[in-house]
Amino acid sequence: MTEKTTAEVIQVPNMLKLKVGGRGGIDMAAIAKAEAALKSLSGNFGQWLNDEIVKLEAARQAVKTEGLNAQTVETLYLRAHDLKGLGATYDFPLITRLAASLCKLIDDPDTRLKAPMFLVDAHIDAIKACVRDDIKVDTHPVGKALSTELEARVAEYLGAAG
């Protein structure tokens, strides 16, 4: 006795494809135009990156003067998160990686007030050093050492705390 089962396959329309480019695919001319616009702004990247570093340093100083509290650590997290998103855009993918590590350290609102300040400071100092010394990528020997060590310390801390 064998039983045969039948199945019906339902094709679901790809609504995302329709929303982002219709049926014709991606508009390469629009991408080229956006890339050109970004390139034309690249002369400002250094100043914009420095502005973000100043904001990060101000957030750190607020922690030092007011203490690590919900408001100061949230501001610090937001500044690090901004750099995480902007580092690669500003031609510093290493800063994106370092800022991501800092975000990981203080990501959880329930535990961020216990984050070791020496590790927060190490991340901020590393980010500032990368800008100062023009270390853009983690293939640079110093960049590799910084990112590897900081990520290991964050993983070690979170592993012990968790």
Some residue of the stretch 79-95 being on the phi > 0 side of the Ramachandran plot and either open to solvent by less than 40 Å² (accessible area, probe 1.4 Å) or touching a helix residue (DSSP H, G or I) at 6+ places or on another chain (Cβ under 7 Å) (or both): yes
The stretch 58-79, residues that are within 20 Å of the chain's Cα centre (by Cα), of a type in the set (A, V, I, L, M) and over 17 Å from Lys114 (Cβ atoms): Ala58, Ala59, Leu78
Scan of the stretch 89-138 for residues that are hydrophobic (A, V, I, L, M, F, W, C), farther than 15 Å from Glu149 by Cβ and assigned to a helix (DSSP H, G or I), ordered by number: Ile95, Ala99, Cys103, Leu113, Met117, Val131
Within the stretch 101-134, tally of residues that are open to solvent by less than 70 Å² (accessible area, probe 1.4 Å), more than 15 Å from Leu68 (Cα to Cα) and more than 17 Å from the chain's Cα centre (by Cα): 1
One residue from Lys55, Lys84 being touching a residue at least 24 places away in the same chain (Cβ under 8 Å) and basic (Lys, Arg): Lys55
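The values are calculated or read from the model by the stated rules, or taken from the named source; none is laboratory data. From a predicted model like this one, the values you see are computed outputs, not experimental measurements. Cβ atoms come from the backbone with ideal geometry, glycine included; neighbour counts cover every protein chain shown. Note: accessible area is taken over every heavy atom of the protein model, side chains too, but ligands, DNA and RNA are not part of it. Shrake-Rupley method; radii C 1.70, N 1.55, O 1.52, S 1.80 Å.
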